[in-house]
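The values are calculated or read from the model by the stated rules, or taken from the named source; none is laboratory data. Small disclaimer: the values here were computed from a predicted structure and weren't measured. Glycine gets a Cβ as well: all are built from the backbone with ideal geometry, and neighbour counts include every protein chain shown. Accessible surface areas use protein heavy atoms only, side chains included; no ligands, DNA or RNA. Shrake-Rupley method; radii C 1.70, N 1.55, O 1.52, S 1.80 Å.
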Amino acid sequence: MKKVYILLLVLSLAWMIKLSFDVSKMSTQQQNVMQDLHQLENSNSNLNDQMVALQRPDYDVKEVKTIQIQEEKANNDALTRDLIKQQLTLIEFALKQNKPYYALDKIITLGQQLNAYPISIELKDSLEKAIDKDINILKQYVATQDEQNQMIQKVLQQVDLELTLESTNRTLTPAQTQEDHFWRKWLSIESVNKPAKQLTQRPLIMKEAQLRLIMARQILLNDQYNQYQIELNEIIILLQQLPDQKTQKIIKQLENLKKVNKISIPKLTTRTLVG
């Protein structure tokens, strides 16, 4: 009898285990069915959206095309801005290297190339105005710089000529700003036939000043303006040993040259536009 109860208990447990397994299996199948249903609903929704899109009127298609064209123009404008930035960098570098004619030629070429760029009408109009303004600015800069350079070279040439003449001049006139006793001291004669030391050295001082002047002119041609100013100052200090009227006139000319400021490099309007 006891064995019968045990057998029944075992059978009951086995049945319960089988039922639990079946319930778990059915639950898994139900979850899979729900997932399949969810996927079918998503697919159906996408199909409905596509059907609605296909049934839209033609003006929606035109609107999409318009947006695409606008995006393409925006991309072209951005690319063109980068290309123009590179050109402007080259132009600005040329100006810093004292090559204004090269810079002017490049910006004129840039303006002529605008029609080749696939850019929007608005950007093209803005660039044309900015480049035209920069062309005029650089033309004025070149003209003003040439005028200043010609003036400086003319004065330097005149000073060079005067130094040449004064290196052999023995007829000296005291400067009006000098005190008479100082002039007499400068021209004091140690003996009847022996001139003052400064008067003897005057030709050498004039020659040295002339050599320094040649150096200053070359430095100016190399666009080393600060060094050019230093050389002018050295020449002035050298000539200040000689207080005669001619020398003082030369010193005054050199001092006036020192007051001439270098023309500042202009800022490009197009750079402000494209960044």
Q. Checking GLN176 against (1) open to solvent by less than 90 Å² (accessible area, probe 1.4 Å); (2) modelled with pLDDT under 95; (3) not aliphatic (A, V, I, L, M), which test does it fail?
A. (1)
Q. Which ones in segment 231-260 are touching a residue at least 60 places away in the same chain (Cβ under 8 Å) and within 39 Å of the chain's Cα centre (by Cα)?
A. GLN253, LEU254, ASN256, LEU257, VAL260
Q | Residue that is farthest from the chain's Cα centre (by Cα) [pool: residues in segment 216-230 that are over 13 Å from LYS258 (Cβ atoms) and touching a residue at least 60 places away in the same chain (Cβ under 8 Å)] | A | ARG217
Q.
All but one of (1) within 16 Å of the chain's Cα centre (by Cα); (2) open to solvent by 50 Å² or more (accessible area, probe 1.4 Å); (3) at pLDDT 90 or above hold for LYS139; state the number of the condition that does not hold.
A. (1)
Q. In this structure, is GLN241 of a type in the set (S, T, N, Q), within 22 Å of ARG170 (Cβ to Cβ), open to solvent by 90 Å² or more (accessible area, probe 1.4 Å) and modelled with pLDDT under 90?
A. yes
Q: Out of the residues in segment 244-260 that are open to solvent by 70 Å² or more (accessible area, probe 1.4 Å) and in contact with a Ser or Thr (Cβ under 8 Å, 6 or more places away or on another chain), state the one that is nearest to LEU156 (Cα to Cα).
A: LYS246
Q) Counting just the residues of segment 59-78 that are open to solvent by 100 Å² or more (accessible area, probe 1.4 Å) and within 17 Å of VAL274 (Cα to Cα), which one comes out modelled with the highest pLDDT? A) ASN75
Q: Can you run down the residue pairs with Cβ atoms below 7 Å, 6 or more apart or on separate chains, where the first is in segment 76-96 and closer than 16 Å to THR269 by Cα and the partner is open to solvent by less than 30 Å² (accessible area, probe 1.4 Å) and among the basic types (Lys, Arg)?
A: none
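Per-residue answers, yes or no, for (1) at pLDDT 85 or above; (2) farther than 30 Å from ASN75 by Cβ; (3) open to solvent by 90 Å² or more (accessible area, probe 1.4 Å); (4) not in a loop (DSSP other than H, G, I, E, B):
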| residue | (1), (2), (3), (4) |
| --- | --- |
| LEU127 | yes, no, no, yes |
| ILE135 | yes, no, no, yes |
| GLU147 | yes, yes, yes, yes |
| ILE152 | yes, yes, no, yes |
| HIS181 | no, yes, yes, yes |
| LYS185 | no, yes, yes, yes |
| ILE189 | no, yes, yes, no |
Q | Every pair of residues 6+ apart whose Cβ atoms lie under 8 Å, when the first sits in segment 97-126 and is in contact (Cβ under 8 Å) with a residue 12 or more places away in the chain while the second is buried (at least 17 other Cβ atoms within 10 Å of the Cβ) and outside any helix (DSSP H, G or I) | A | ILE107/LEU268
Q | Odd one out for ASP146 among (1) under 30 Å from ASN261 (Cβ atoms); (2) in contact (Cβ under 8 Å) with a residue 12 or more places away in the chain; (3) more than 20 Å from the chain's Cα centre (by Cα) | A | (2)
Q. Considering segment 227-249 alone, what residues qualify as being in contact with a Lys or Arg (Cβ under 9 Å, 6 or more places away or on another chain) and part of a helix (DSSP H, G or I)?
A. TYR228, GLN229, GLU231, LEU232, ASN233, GLU234, ILE235, ILE236, LEU238, THR247
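For the structure I just gave you, tell me whether ILE263 is more than 36 Å from the chain's Cα centre (by Cα), open to solvent by 30 Å² or more (accessible area, probe 1.4 Å) and over 21 Å from ARG170 (Cα atoms). Steps first, answer last, please.
Values: more than 36 Å from the chain's Cα centre (by Cα): no; open to solvent by 30 Å² or more (accessible area, probe 1.4 Å): yes; over 21 Å from ARG170 (Cα atoms): yes.
Against the criterion (more than 36 Å from the chain's Cα centre (by Cα), open to solvent by 30 Å² or more (accessible area, probe 1.4 Å) and over 21 Å from ARG170 (Cα atoms)), ILE263 does not qualify.
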